[in-house]
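Working notes, beginning with the structure itself.
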Amino acid sequence: MPVQIGAKSHPFSDPTGLLTDCHRRIEMFMRTLQQAGDVIHQPPTDDVRSSLEAALRYFEHAAPKHTADEEASLFPRMRQIDNPQVRSAFEQLDDLEADHRTAASLHAEVDILGRRYLAEGTLSETDIRQFRQDVAQLLSIYERHIKVEDDVVFPLAATLLPDEQKSAIAAEMASRRQS
């Protein structure tokens with residue numbers, strides 16, 4: 001389960017492209033969690049250990065910045081656009097924000113179980129089932145969530161947000177990553 005951290009193809013000057021790049025990393029690290037779930041009934045190999053540690057670290061540190069990019073920077077600016085397409089897309093925004101809260105809760109549980117597995121080398125059958133169920137639920141949430149954002153919200157933002165708004169979003173995103 002090799003992991004590449006920090007891969008991106010868009011600069012901060014293209015905030016919606018960068019958000020899409022974040023989605024690719026989320027998908028990659030979710031596959032890592034799924035693969036760990038496939039073998040979590042066995043003691044971790046060095047490969048599983050390093051991959052799982054990287055995924056847990058990503059969801060602990062980087063993913064909350066992505067959520068803030070959307071909820072504090074992009075979504076509020078999108079809500080200010082008076083456009084029928086945006087209004088239609090934003091009927092789904094409450095669901096997207098609810099997804100963020102549900103995912104955060106599930107990630108907290110996955111983190112606890114994943115770190116216990118790494119520390120102890122084993123989990124109870126109940127914990128194994130819980131880890132796998134949480135990861136499956138996260139996969140389902142992300143699949144739907146990412147599709148809406150990549151196919152609807154981000155293209156609208158790229159097209160309809162003025163350049164100065166995109167620049168402000170980019171600056172906020174860059175600032176989050178300096179802390």
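The values are calculated or read from the model by the stated rules, or taken from the named source; none is laboratory data. Remember, it's a predicted structure, so these values are computed and weren't measured experimentally. Positions of Cβ are backbone-derived with ideal geometry, glycine not excepted, and every protein chain shown enters the neighbour counts.
Might you check whether a residue that is among the hydrophobic types (A, V, I, L, M, F, W, C), part of a helix (DSSP H, G or I) and under 19 Å from residue 175 (Cα atoms) occurs anywhere in the range 31-52? Among the residues of the range 31-52, not one is among the hydrophobic types (A, V, I, L, M, F, W, C), part of a helix (DSSP H, G or I) and under 19 Å from residue 175 (Cα atoms), which makes the answer no.
So in the range 31-56, with the set limited to residues that are among the aliphatic types (A, V, I, L, M) and either surrounded by fewer than 21 Cβ atoms within 10 Å (Cβ to Cβ) or more than 15 Å from the chain's Cα centre (by Cα) (or both), which one is nearest to residue 140 (Cα to Cα)? Applying the filter and picking the extreme gives 36. Got at least one residue in the range 11-24 being in contact (Cβ under 8 Å) with a residue 40 or more places away in the chain, in contact with a Ser or Thr (Cβ under 8 Å, 6 or more places away or on another chain) and aliphatic (A, V, I, L, M)? No.
Determine whether residue 71 is assigned to a helix (DSSP H, G or I), within 29 Å of residue 174 (Cα to Cα), acidic (Asp, Glu) and modelled with pLDDT of 95 or more. It is false that residue 71 is assigned to a helix (DSSP H, G or I), within 29 Å of residue 174 (Cα to Cα), acidic (Asp, Glu) and modelled with pLDDT of 95 or more.
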